[in-house]
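Report on the following structure.
The values are calculated or read from the model by the stated rules, or taken from the named source; none is laboratory data. Predicted, not measured: the structure shown is a model, and the values here were computed from it. Cβ sites come from the backbone with ideal geometry, for glycine too, and all protein chains shown count toward neighbours.
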Amino acid sequence: MRTPDQPAICILCVPLPTSGDFPLAATVDSDRLSPTISWYGSLDQLGAWPDSEQPPAILIDPATASSRRELRRVLRTARQAAPQLRAAVIEGESGPPQPDLMVEEGIAVVLTSRFSGTGRPRRPAPAGWPCRSVQWGLWELLRHNPTANSWRAKLFQQTPVPRLGPGTLAAIDAVAPTGNFESRRVKSLLARVKGQVASGRLIVPKLEELPSLVCRGSSSQTPSSILRAA
């Protein structure tokens, strides 16, 4: 049962810039008081990412998703570049490809625009949370997808931030309309979220933390204690 003092949970997923612009990523993530960013990128971007302590998620494009053999190759190569890799982001509107293969290759969380199937969930998720598990060891999380962006978001090229109630969960993908990283867009998003974090109304964990969030969110333990218990 949710209570008014429970913080909402928001996962902020941001695409990596090209390797030549990695310093731009550092500028938006340099403030230790800023919300946590869950970076993600292509295989080439993961290989060039200089911060081994914060392994990004692997971006899976449609071509990779269409081939089981290619998907396995990409995931194994990505793990060589980032041994702690546990999360993936599905590009576009496709659902997670080959859930069984993703589990075999160590992926535990997938950010996606739609679920992979209509099978019966293997584990329950907290009521109202946009996630499900139809494959043991893998959680699928739907990215926030508002039906219509506000005029303000469009005018200032902002990523829409949903209004979250106590104990609810949302995952925001800060990719620009071009499909790339834009520092202005990300900085604006962080500025709007930062105040909610400072006031205790919101916590911002990483994408790969979703399984533990679900476990604690489904128990009698309130979301406010999730990060303290980590």
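Some observations on this one:
- Scanning the stretch 166-184 turns up at least one residue that is modelled with pLDDT under 85 and touching a Ser or Thr at 6+ places or on another chain (Cβ under 7 Å).
- Of all the listed residues (PRO83, PRO126, PRO160), the sole one being assigned to a loop (DSSP other than H, G, I, E, B), in contact with a helix residue (DSSP H, G or I) (Cβ under 8 Å, 6 or more places away or on another chain) and at pLDDT 85 or above is PRO126.
- Which numbered condition ARG73 misses (of (1) in a loop (DSSP other than H, G, I, E, B); (2) free of Cβ contacts under 8 Å to residues at least 12 places away in the same chain): (1)
- If you go through the stretch 83-98 and keep only what is farther than 17 Å from GLU70 by Cα, out of contact with any Ser or Thr (no Cβ under 8 Å at 6 or more places or on another chain) and among the hydrophobic types (A, V, I, L, M, F, W, C), you end up with just LEU85.
- Candidates ALA25, ALA57 - the one that is buried (at least 17 other Cβ atoms within 10 Å of the Cβ) and modelled with pLDDT under 90: ALA25
- Filter pass, SER113 being in contact with a Pro (Cβ under 7 Å, 6 or more places away or on another chain) and either surrounded by 19 or more Cβ atoms within 10 Å (Cβ to Cβ) or closer than 21 Å to ILE172 by Cβ (or both): no
- Pick from the stretch 86-107, criterion farther than 19 Å from SER38 by Cα and in a loop (DSSP other than H, G, I, E, B), ranking: modelled with the lowest pLDDT: SER94
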